[in-house]
Every structure is written in C-alpha cells, then in structure tokens.
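Remarks on the structure that follows.
The values are calculated or read from the model by the stated rules, or taken from the named source; none is laboratory data. Note that the coordinates shown come from a computational prediction; the quantities given were computed from them, not determined experimentally. When we count neighbours, we look across all protein chains shown, and the Cβ atoms used for this are built from the backbone with ideal geometry, even at glycine.
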Amino acid sequence: MNPNVVLICRDCNTFSLSADKSHQKFLQPVKYCTNLENPPEPFCENVIWLCQNCYHSAVKSVNRDNNDCKSKSESRNQIETRYTNLIDLEKRIEALERHLKACPDLVQRATNAEANGSATQQKAVHASILNRRVLIPIAAIALSILIGLLLFTARSGNKESLQGIPDNATLESRPNSLLLISRDEWSAQTEPEGMQKLQLPIERIIIAHISTAQCENRVQCDARVRDVQAFHIHSNGWGDIGYNFLVGGDGLVYEGRGWYNQGAHTAGYNGNSICIGFIGTFNVEVLTENDLKAAQLLIDEGVRLGVLTGNYRLYGARQLSATESPGKALYSIIMKWPHWSRSI
C-alpha cells in the first residue's frame, strides 16, 4: 500500500496529505474511523474518512499540518502555514496529484457537485428572466386597461348634457324631448352676470334667424354658437350672445342668455320678450321637423316654468324691426303656429 494517503474530515470537508505512519491505525480494518455515523462508501484505497477528533489527531502528527478545519479548538480563527521545505512541498503536491489520478471517483464527485451548483444557478436565473418576461407584459396590459377605463369614464362624463345626451357629432333627438345644451357644454366665453333681468312673466316671443351657415350636428352647432357669441361680444360690444336661446341642427337647443336675462336682439323689445334664433338663413331653406319641434318644446318649457304666460304672443323679428329675419321660408311656417300674432 502506498504510504501516502489522503485524510478527509467528514464534518468540515478539510483534507490533508499524510506520509506519517501514525495514521495507519485508521486503515484497519475499514477506510474510515468508527466514530462516524452513516460513513461514506470507500471509493479509493488511499482515502480515509475521519471524524473531526480523529482528523485533528492524525494531522497533528504531521510536521507540516493544515489548519483549515473550522472546528479545531486550537487557533480556530487563524490559518497557520509553516512550509519550511519547498522540496518536500513539491513532493507532497506530486503525491496528491497521483492520488487524484488513481481515484477518478473523487474527481468525478467534485465535478458533479460543481456542475449541480452551476445548473441550479442557471435555473434560478432562467426562472427570474421568465418571470420578468411574463409579469411585465401582464402589468402593461393591466395598466392599459385601467387607463382606457379612466379615459372612457372621463369622456362619458364630459359628453353628457343636462338630459344625459352624449356629446357627439351624430346626436339624435328623442321624440317630445327637449335637448337643451347649457352654456358650459358649448363653452361660452363669459357668464351672464350683471345683466338686466326680465320682468316676468313674459307675454312675447320673437322668432329670428342667425345669418350663418346651417349646422347639422353637435360639433358644427357648438362652433356656430361660439362664433355668434364672439361676434356679438367683440364686434357689437354686447358683452354676451344676444339671443336667449338658439336652435341648431337635428333639434338641438342652445342656452344663450336664458330665461331670466334680457337679450340684445330686437331694439325696443329686449326687456319684455324672449328671442329664439334659428342657426342659418331661411329665406329659401326649410327647417327640419326636429328643429321646429325643438322650438315648440322650448316654448312649452317656458310656460311650464312660469316664465311665459299661457296666452303668450309669437312674432317674427321682421314684424318688429327692419330685417328679413327669420327668413321668408321660416316666417311662413311660424305664421301657422297657434300663438302667432298679427297685431303688435
């Protein structure tokens, strides 16, 4: 048997190469000391598995001992290396290399341990990358859905009129329902503050037209009303839109100065009348049934609120001032309404 053997501490995995004969007591009859519980299988004839105590006893007999074992009571936190003979050290290294070559199972175990550790790390890294690849798209989708819901809610809230009508270009009127667009909803420039109030109840309604292009939907009509207000404020100096109410395309009714403020529409009659202006010029063009019905619903609402008397009188603007308003075609229609009056 080769006198050089490898001593391995089973408890702390420290090993030492010994050429001293004092270790021979551990070779017979087995390849490990009797103090070990569940000793490993012997895989090389020149390897001895020892418990900590036996390992310390064995390496103490070697002049050039290895003090790396963690459980050694003497100099626990120090590593002493006393190599006084470089030639002897080289021989020990050569002897250890021979033992490793003679014991391929030992080398294979170390290689497998390292490979298993690397594989575990790679699995952990792969799992982490996979988790990021899955979680990031899910989080992005959830965030997009949340933002979409918030935007939809905000847009829905802004697009509802006082009667719950959505603000879009294809707004459809409902039979016998007044679609009233408030000043806030059509983005009026000013508030009707400081204006003279009407003396209620009112006995006179004036129908006029607004000499602009007609509008057919909410988007167009909003723009027309804002243009009229800007013209009345900046060109006429009236401080606000002159009409009490405006009727746009598809039966939309816009709040101008409203029910309680004097308008600026017909000189001499502003203080005791409500003026309803139809958007467009109706000398030839004829309004739709929706537009005419919207004006009649608005008048009925004024009576219900007590702003208009039940026996109110209705006029065309041309009857009270030198103007073609409300246009020949529209005037011929309102002359057939029950409250139209020939007498001033």
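The single condition from (1) at pLDDT 95 or above; (2) not assigned by TED's automatic domain parsing to the domain that holds PHE245 that ILE165 fails is (1). In the range 217-249, the qualifying residues are those that are crowded, with 16+ Cβ neighbours inside 10 Å and among the acidic types (Asp, Glu), and the one that is nearest to the chain's Cα centre (by Cα) is ASP222. Which pairs do you get when a residue that is more than 18 Å from GLY310 (Cα to Cα), found in the range 328-341, comes within reach of a residue that is among the small types (Gly, Ala, Ser) and in a helix (DSSP H, G or I), reach meaning Cβ atoms under 9 angstrom, with the pair 6+ apart or on two chains? Correct list of pairs: TYR331/ALA317.
A single entry from ASN272, ASN311 fulfils the requirement of being polar (S, T, N, Q), touching a residue at least 40 places away in the same chain (Cβ under 8 Å) and in contact with a Leu (Cβ under 9 Å, 6 or more places away or on another chain): ASN272. Here is a check on your reading of the model: is SER187 surrounded by fewer than 21 Cβ atoms within 10 Å (Cβ to Cβ) and more than 24 Å from GLY268 (Cβ to Cβ)? For SER187, the condition - surrounded by fewer than 21 Cβ atoms within 10 Å (Cβ to Cβ) and more than 24 Å from GLY268 (Cβ to Cβ) - is met. Of all residues in the range 168-217, exactly one satisfies the criterion of being over 20 Å from ILE334 (Cα atoms), modelled with pLDDT of 90 or more and β-branched (Val, Ile, Thr), namely ILE181. Just one of the listed residues (ARG318, ARG342) is part of a helix (DSSP H, G or I) and among the basic types (Lys, Arg), and it is ARG318. From the list GLY302, GLY280, GLY271, the one residue that fits, being small (Gly, Ala, Ser) and either touching a helix residue (DSSP H, G or I) at 6+ places or on another chain (Cβ under 8 Å) or within 24 Å of SER187 (Cβ to Cβ) (or both), is GLY280. None of GLY239, GLY263, GLY251 is of a type in the set (Gly, Ala, Ser), in the same structural domain as VAL307 (by TED's automatic domain parsing) and over 19 Å from LEU330 (Cβ atoms) except GLY239.
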